[in-house]
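Colleague: Structure in C-alpha cells, see below.
Taken together, the values in this text are just the output of simple stated rules run on the coordinates, not laboratory data. All values derive from a computational prediction rather than experimental measurement. All Cβ positions, glycine included, derive from the backbone under ideal geometry; neighbour counts span all protein chains shown.
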Amino acid sequence: MPIQTSQEQGLTLLELMVAITLTALVLSTLYGVFLGAESSQRQLQQRRQLTHGMRVFFLRLQTELQGLQPSPGQEPALAYESLDSSRQPQLKLLTRSGTAAGGSDGTRRWIRYRLYQRQDAETWELWRREWPYGTDMEQAQPQQLLTGIEQFQWALVTQREEFLDHWPHAQYQQRPGQLQLRCITSRKQSRFALQTRFALPEF
C-alpha cells in the first residue's frame, strides 16, 4: 500500500482551498446577477404602474374636456390656477363627459383637479372631485389619482401661442383653444414623463 508523503498531502490541501475559493467566487457572481435581475424586474413593474396611472389620467381628462359645456350661471365653465397662484394649483370644468366610472349619463357635472403638497414630502399629489351641477362640492368624495409628482405644469394656450397661468384672464376675453400639460412622476428609482396638448371645444 503506497504511503502519501507530506508534500503530496500539501498539494491536495492546496487544491481543496483553490476549489473552495473558485466555488465562492462563482456563487457570489450568481448572487449578484440574481439581485440585479430582481432589481430590474422591480423597476420595470414600478415604471408600468407609473405609466398606467399617467395614461389613465390623461385619457380621462381628454374625455372630460371634449364634453366641456357652457355655464348657465356666473361661474366660468373653465377655471384654472397655476403653480404661481397663491392657492393650490387647480383646474375646474363643467362637462357632460367623464363620470368616475368612465361613462357618461348626459348630465352636467363639475370636475375639479387639484394639486396638494404634503408637508413631509417634496412631491405632489393629484386629487379629483366630481359632483352634479347645482349641488354642493363638499358632498363629493375626493379621489386620489397620482402620487409622487415631481413636476406638474399645465397652461392654457391661446390661438397666438400665448401661455396663460390663470383663467379667466382680465386681458383675454376669448377662451383659450388648448390646454398643455406636462407631468413627471417618480417612485423610488423609476421616473416617467409625459407631455401633451388637449384641444378645447368651442361653444
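Colleague: Suppose we look only past 22 Å in the calculated P(r) of the range 58-199. What percent of the Cα-Cα pairs does that tail hold?
Modeller: Working: 3976 of 10011 pairs.
Every Cα pair in the range 58-199 considered, those over 22 Å come to 40 percent.
Colleague: What is the packing order of peptides 156-165, 20-29, taking the mean over residues of other C-beta atoms within 10 Å and listing the highest first?
Modeller: Details: 156-165: 13.7, 20-29: 10.0.
The peptides rank, most packed first, as 156-165, 20-29.
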